[in-house]
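What follows is a set of notes on a single structure, which appears directly below.
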Amino acid sequence: MHEIAIRITKRNHNAFVHLLGALESQGFDLSDLLITKDFKEILKSRPKVILYSFFTEEIWEIKDEIKLLREKFNPLLIAGGYHATAMPKHTLNVLGFDIAVIGEGEEVIYHLLLTLRKNGFKISRELSKIRGLAFYVGEKFVFTGFAKVEDFWHFPPYPEGLRLIAPIEISRGCPFGCYYCQTPYVKGFRMRHRPIDQIVKYSRRMKDMRYITPNAFAYGSPGAILKPNKLEALLKALQPLRKEGRRLYYGTFPSEVRPEFVLPKTLELVVKYADNRRLAIGAQSGDDAMLKAMHRLHRVEHVRRAVEYMLEYGFEPVVDFIVGLPNESVESQRRSIELMKWIMRKGGKVRAHYFMPLPGTPWARCKSSPLSREMEKFLGRMAAKGKIEGSWGNQIILSKRLQKLIEEFYEEPISYVNHAVRVTCESA
Ligand code: SF4
């Protein structure tokens, strides 16, 4: 019988694989854990503690599970991930968790599980010594500080003792601070990198070598500049593994690259050292004023240049857009349509997403804009032809739900940065 269960889902799989590696490396015996994707197994096994990790977009399903668990056997429930970090009070008061983990979880969950085990799985004052937690003692809300893991690479990307594998997180943090994105506020503005020897060592377990990073071409740099030598050193070091039959995917799923980093010198490296002939970039808008408003720090010309270079070097460009951005006019949307059309004419793929306000970001309290008739028709037509991918339709509904949630339960963001998150919905 297991006392502690880990609730794995499709979306938290990679995060938990890494956290389990971190737990194991600190000396936690993973055989003590029930690690399962099967909620029924948790219900059957009735553990004393269950760990969850989720995004705000998932809270409605999570809430139903929590309700059922409370009715069936009332375990201690711990939540981590982006939602718990950005909205701990909502996580505790409304979703019904007992403890929220705030920030980067590698060290927190180790100390938390040890302390809980020692104290019979009860919330005790001792928990206030662990940084990165929010919980209630009686009526009193206790927040122990934001948990930061500066050198995340001190922890392996996955556990040695379990047959679990996920793309390796090679870099963490992002200096760009796009207003809609949670990454810098949860992982920090400075990019840190897993050392090359470790990436090589752990890549051996993968048949297809894939990596998690906010910007694959920024490997080795503080984030905003290119360090081609460092990037090449990494890709070169992975070549013996390729020769043994593994394939190397770089700058594509599950990561992407920023458009201004797509240059002949970076593309030459991918041609020479990697197996993918697709690259994913974020354009987000075809209107420079919108790019400025969302703090993307690149312009439309960088997207066009990146697409041209990718085609020249034999890559299929996969380009992400966000439609329905705050204060996006019909004219701005027309500019995005023009850019999408241009990309498709050139042979690239477009992925369209609808703007979703995420807690903890500067745009958390901003309203999405309605799609113009022209945009609606264009996306519908292109999707029917299989030329545009993306789930903007469902996201329109989800965006409204998120907006309502944030309006109702707004919390001042707790974040990695020491100053308050600047909330702004003004156009550029
Ligand atoms: S969207 Fe990408 S570039 Fe912008 S802040 Fe997030 S991770 Fe960084």
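The values are calculated or read from the model by the stated rules, or taken from the named source; none is laboratory data. What you are looking at is a predicted structure, and each value in this text was computed from that prediction instead of being measured. Reconstructed Cβ throughout: ideal geometry from the backbone, glycine too, with neighbour counts over all protein chains shown.
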Check: From the list L358, L405, L339, which residue is more than 21 Å from the chain's Cα centre (by Cα) and not assigned by TED's automatic domain parsing to the domain that holds K89?
Finding: L339
Notebook entry, point to check: Within segment 159-168, restricting attention to residues that are at pLDDT 95 or above and in contact with a helix residue (DSSP H, G or I) (Cβ under 6 Å, 6 or more places away or on another chain), which residue is farthest from the ligand (Cβ to nearest atom)?
Noted result: P159
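Every residue, every condition in (1) within 16 Å of the ligand (Cβ to nearest atom); (2) free of Cβ contacts under 8 Å to residues at least 60 places away in the same chain; (3) outside the structural domain of Q395 (by TED's automatic domain parsing), yes or no:
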site: N215; (1), (2), (3): yes, yes, no
site: Y219; (1), (2), (3): yes, yes, no
site: R247; (1), (2), (3): no, yes, no
site: L263; (1), (2), (3): no, yes, no
site: A293; (1), (2), (3): yes, no, no
site: V323; (1), (2), (3): yes, no, no
Check: What residue, of F135, F189, is aromatic (F, W, Y), buried (at least 17 other Cβ atoms within 10 Å of the Cβ) and in contact with a helix residue (DSSP H, G or I) (Cβ under 8 Å, 6 or more places away or on another chain)?
Finding: F135
Margin query: Six or more apart or on different chains, Cβ atoms under 9 Å: show the pairs whose first residue is in segment 362-384 and assigned by TED's automatic domain parsing to the domain that holds C178 and whose second is at pLDDT 95 or above and of a type in the set (K, R).
Written below: S368/K400; S372/R334; E374/R334; M375/R334; F378/K341; M382/K341
Note to self: Being out of contact with any Asp or Glu (no Cβ under 6 Å at 6 or more places or on another chain) and without any contact (Cβ under 8 Å) to a residue 12 or more places away in the chain narrows it down to one residue among R299, R304, R345; which is it?
What the structure shows: R345
Check: Condition test on E256, is it within 16 Å of the ligand (Cβ to nearest atom), of a type in the set (D, E) and assigned by TED's automatic domain parsing to the domain that holds H295?
Finding: yes
Notebook entry, point to check: When you look at P228, is it of a type outside the set (D, E) and surrounded by 23 or more Cβ atoms within 10 Å (Cβ to Cβ), yes or no?
Noted result: no
Notebook entry, point to check: Does at least one position in segment 190-205 carry a residue that is within 16 Å of the ligand (Cβ to nearest atom) and small (G, A, S)?
Noted result: no
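Here's the yes/no breakdown for (1) within 18 Å of I109 (Cα to Cα); (2) basic (K, R); (3) in the same structural domain as I123 (by TED's automatic domain parsing); (4) buried (at least 19 other Cβ atoms within 10 Å of the Cβ):
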| position | (1), (2), (3), (4) |
| --- | --- |
| A15 | yes, no, yes, yes |
| L23 | yes, no, yes, yes |
| G27 | yes, no, yes, no |
| F39 | no, no, yes, no |
| S45 | no, no, yes, no |
| K48 | yes, yes, yes, no |
| E58 | no, no, yes, no |
Next item on the list: At least 1 residues that are more than 30 Å from C181 (Cα to Cα) and at pLDDT 95 or above in each: list the helices (runs of 4 or more DSSP H) lying fully within segment 1-106 that qualify.
Entry: 13-25, 39-45, 59-72
Next item on the list: Within segment 125-180, count every residue that is among the β-branched types (V, I, T) and over 30 Å from K201 (Cα atoms).
Entry: 4
Item checked: Single condition G251 does not satisfy, out of (1) without any contact (Cβ under 8 Å) to a residue 24 or more places away in the chain; (2) within 15 Å of the ligand (Cβ to nearest atom) -> (1)
Note to self: Checking the condition more than 18 Å from P359 (Cβ to Cβ), hydrophobic (A, V, I, L, M, F, W, C) and in contact with a Pro (Cβ under 6 Å, 6 or more places away or on another chain), which residue from I42, I66, I50, I130 passes?
What the structure shows: I50
Note to self: G390 - would you say it is out of contact with any Lys or Arg (no Cβ under 6 Å at 6 or more places or on another chain) and either of a type in the set (A, V, I, L, M) or modelled with pLDDT of 90 or more (or both)?
What the structure shows: no
Margin query: Any residue in segment 138-161 that is closer than 15 Å to R125 by Cα sitting within a Cβ distance under 9 Å of a residue that is hydroxyl-bearing (S, T, Y)? List the pairs, counting only those 6 or more apart or interchain.
Written below: V142/S128; V142/Y136; T144/S128
Check: Out of T424, T361, which single residue is buried (at least 21 other Cβ atoms within 10 Å of the Cβ) and among the β-branched types (V, I, T)?
Finding: T361
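This table checks each residue for (1) in contact with a strand residue (DSSP E or B) (Cβ under 6 Å, 6 or more places away or on another chain); (2) surrounded by fewer than 17 Cβ atoms within 10 Å (Cβ to Cβ); (3) modelled with pLDDT of 95 or more.
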residue	(1), (2), (3)
P214	no, no, yes
P222	no, yes, no
K265	no, yes, yes
A280	yes, no, yes
Next item on the list: Check off (1) on the phi < 0 side of the Ramachandran plot; (2) within 16 Å of the ligand (Cβ to nearest atom) for L231 and give me the number that stays unchecked.
Entry: (2)
